[in-house]
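Here's the structure, in structure tokens; my notes come after.
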Amino acid sequence: MDEAVPASAAEIVELVAWALGTGLFSITGLRLEEFALGAVTTGHFVMGAWYLGVGCIALYVGTYLMGYRELLPRIRSRGTTDPEETA
């Protein structure tokens with residue numbers, strides 16, 4: 001029982017860290033896409049292209065690599081634990 005609580009707390013902290021990282025990368029990607037649109041509409045095409053490329057990478061990392069491939073399976077596996085194993 002004493003070992004289960006710290007292990008569970010560590011898993012929760014890990015899930016929260018993954019969720020924060022996913023959110024930060026996704027928000028950063030969206031903001032960079034917004035900056036890209038603003039740069040292109042004001043005539044700064046090179047800067048807009050740079051913002052667009054980095055924004056796409058940040059969105060890819062945040063939504064797919066961190067969110068879909070890492071965070072979602074961890075949340076699903078956390079919710080499907082067998083109650084007899086913890087007893």
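Hey, with R₀ at 41 Å, roughly what FRET efficiency would ILE12 and LEU37 work out to, going by the Cβ-Cβ distance, to 0.05?
0.60
Just grab the label-to-label distance for LEU65 and SER77, each label 7 Å out from Cα along the Cβ direction, in nm (one decimal).
Once both label points are built, they end up 2.0 nm from each other.
Laboratory data are not the source of any read-out in this text; all were calculated from the coordinates shown. The shown structure was predicted, so the numbers you read here are calculated from the model rather than taken from an experiment. Heads up, the Cβs are rebuilt from the backbone with ideal geometry, glycines too, and the neighbour counts pull from every protein chain shown.
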